[in-house]
Amino acid sequence: MPELPEVEVTRRAIEPRAVGRRIVALRSRDPERYPHLERAQDRWILELLRRGKFLLFRLSGGLWLVVHLGMSGGFRLQQTPHTRVVFELDDGALYFHDPRRFGRIWLVADPAEVPLLARLGPEPTDAAFDAEYLYQRLRASRRPVKALLMDQEVVAGLGNIYADEALFRAGVRPTRRGHRVTRKEAERVVEAVRQVLAEALKAGGSTLKDGSYRRPDEKIGYFQLAHAVYGRQGEPCPVCGTPVRRTRIQGRSAHYCPRCQR
DNA sequence: ACGAGTACCTGGCAGC
DNA sequence: TGCTGCCAGGTACTCG
């Protein structure tokens, strides 16, 4: 559930509590799902990075602890009913909380061993994610443009919320096939993706009605208040007043304004 | 090769 | 109140 802004908010929140600390133990009651955690024991956390929706802890001794939060995962400063892994540090603890258990943890010598991580497309803020790049990727596909934006191999970090919001800002209907998107529109999409992610990060991410995403200190994000279309089917488009529509793309809900987005 | 559908999990909520 | 069905921020797999 967490998309790039939520993962980055999480990274920033736990970085000061994690980096420079020694891992005393990683404890889980589900070793099938979270294997080999003992390998992290007694290592120092040297750095905490984010790539797309992955968090990467660089540990001493050439080991990486890679975490994907899945749909409902997050780090907490306190134990919760859905704590799955306790990060016991020399100076406190962090709790990996994940009600739906879609989150994953890997301990690897090289982050490239994590399958999807190795194939990720550019970060949205990277210069490599430009209009020419996106135009070429879209042009080569008949998939709906929204499916392409959510494809982590095209660009890393966008999920259902921010793909809808970016396409709204760019004025491109999510159902439009990639090869039908013009160069000019690709330019607008790149700009819209960058803007929407930057604003969401500034707002602390999006906390939906179910409240599943929260910062480690349990505080909520506020970007949901700025959503123009996501979750607003039937409500007036903030630009033209036409009711927002919901449809389905790749089995996921997609929201758009039928007037502003063609 | 691509794309649609389904599986993995649990919880919240609307509707009856 | 209690039950049922539906929906959910993601990714991987299978099948046509």
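The values are calculated or read from the model by the stated rules, or taken from the named source; none is laboratory data. Just so we're clear, the structure is a prediction, and the values are computed from it rather than from any experiment. So basically every Cβ, Gly included, is an ideal-geometry build from the backbone, and we count neighbours across all protein chains shown. Only protein heavy atoms, including side chains, enter the accessible area calculation; ligands, DNA and RNA are left aside. Shrake-Rupley method; radii C 1.70, N 1.55, O 1.52, S 1.80 Å.
At a glance:
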read-out	value
Counted residues, the range A:137-170 - those being within 14 Å of A:His255 (Cβ to Cβ), more than 10 Å from DNA strand B (Cβ to nearest atom) and either outside any helix (DSSP H, G or I) or open to solvent by 40 Å² or more (accessible area, probe 1.4 Å) (or both)	2
Test: A:Pro115 is more than 22 Å from A:Arg245 (Cα to Cα) and away from DNA strand C (no atom under 13 Å from the Cβ)	no
One residue from A:Ala186, A:Ala192, A:Ala200 being over 19 Å from the mean Cα position of the chain (by Cα), more than 16 Å from DNA strand B (Cβ to nearest atom) and in contact (Cβ under 8 Å) with a residue 24 or more places away in the chain	A:Ala186
Residue list for the range A:233-246, filter: surrounded by 15 or more Cβ atoms within 10 Å (Cβ to Cβ) and not in a loop (DSSP other than H, G, I, E, B)	A:Arg245, A:Arg246
Strands (runs of 3 or more DSSP E) wholly inside the range A:1-111 that include at least 2 residues being open to solvent by 60 Å² or more (accessible area, probe 1.4 Å)	A:45-51, A:104-108
Cβ pairs under 6 Å, 6+ apart, first in the range A:114-142 and under 12 Å from A:Gln152 (Cβ atoms), second within 15 Å of DNA strand B (Cβ to nearest atom) and open to solvent by 30 Å² or more (accessible area, probe 1.4 Å)	A:Arg119/A:Glu153; A:Gly121/A:Glu153
Of residues in the range A:181-211 being open to solvent by 40 Å² or more (accessible area, probe 1.4 Å) and part of a loop (DSSP other than H, G, I, E, B), the one nearest to A:Arg259 (Cα to Cα)	A:Thr182
Selected residue (criterion: farthest from DNA strand B (Cβ to nearest atom)) from residues of the range A:171-180 that are assigned to a helix (DSSP H, G or I) and touching a residue at least 40 places away in the same chain (Cβ under 8 Å)	A:His179
Scope the range A:206-247; condition modelled with pLDDT of 90 or more and of a type in the set (D, E, K, R); matching residues	A:Arg214, A:Arg215, A:Asp217, A:Glu218, A:Lys219, A:Arg232, A:Glu235, A:Arg245, A:Arg246
